[in-house]
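Here is the structure we will look at, set down as structure tokens.
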Amino acid sequence: AHWPKDAFTAETVEDVLLALLGRTETTEDHMLNFSVGKPPVHAVDGQSVPVEIYSELENIERLAILVDNNPFPLVMSFELSRNVLLPFKTRIKVAEGESKIIVVASSAGGPLYMITHDIKVDTGGNA
């Protein structure tokens, strides 16, 4: 797999999507969802914010997690094989203040699915 350097150094969500997936038009779908820690709208420390992605979408080829308020919004991007089963759990860094955590899923020839979640962080994760 190649390293999408332009996507990881992009400074806006739109530039990340263009560099990573070649398009920015997204659609929301209730079949893609994620949860963020407990409580889900507030994190005391942005160093390690738990995220769990789950989906009923079929044939997801790529997932990306972004945080709009981070200096570089792309937190992680990975390609999925048919052997990978969701849910997927991870921890991410989120900058101090109010942010949107964004999950984007893509499949071959299909639309980009996007879902967002608002969060407030008291102490930033030096993202």
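The values are calculated or read from the model by the stated rules, or taken from the named source; none is laboratory data. Being a predicted model, the structure only gives us computed values, none of them experimental. In this analysis, Cβ positions are derived from the backbone assuming ideal geometry, glycine residues included, and neighbour counts consider all displayed protein chains. For accessibility, only protein heavy atoms count, side chains too; no ligands or nucleic acids. Shrake-Rupley method; radii C 1.70, N 1.55, O 1.52, S 1.80 Å.
For this structure, a couple of remarks:
- Scanning the range 3-18 for residues that are open to solvent by 50 Å² or more (accessible area, probe 1.4 Å) and not acidic (Asp, Glu) yields a total of 5.
- Annotation: ILE102 fulfils all but one of (1) closer than 20 Å to THR24 by Cβ; (2) out of contact with any Ser or Thr (no Cβ under 6 Å at 6 or more places or on another chain); the unmet one is (2).
- Of all residues making up the range 92-117, the number that are over 16 Å from GLY22 (Cα atoms) and out of contact with any Gly (no Cβ under 9 Å at 6 or more places or on another chain): 8
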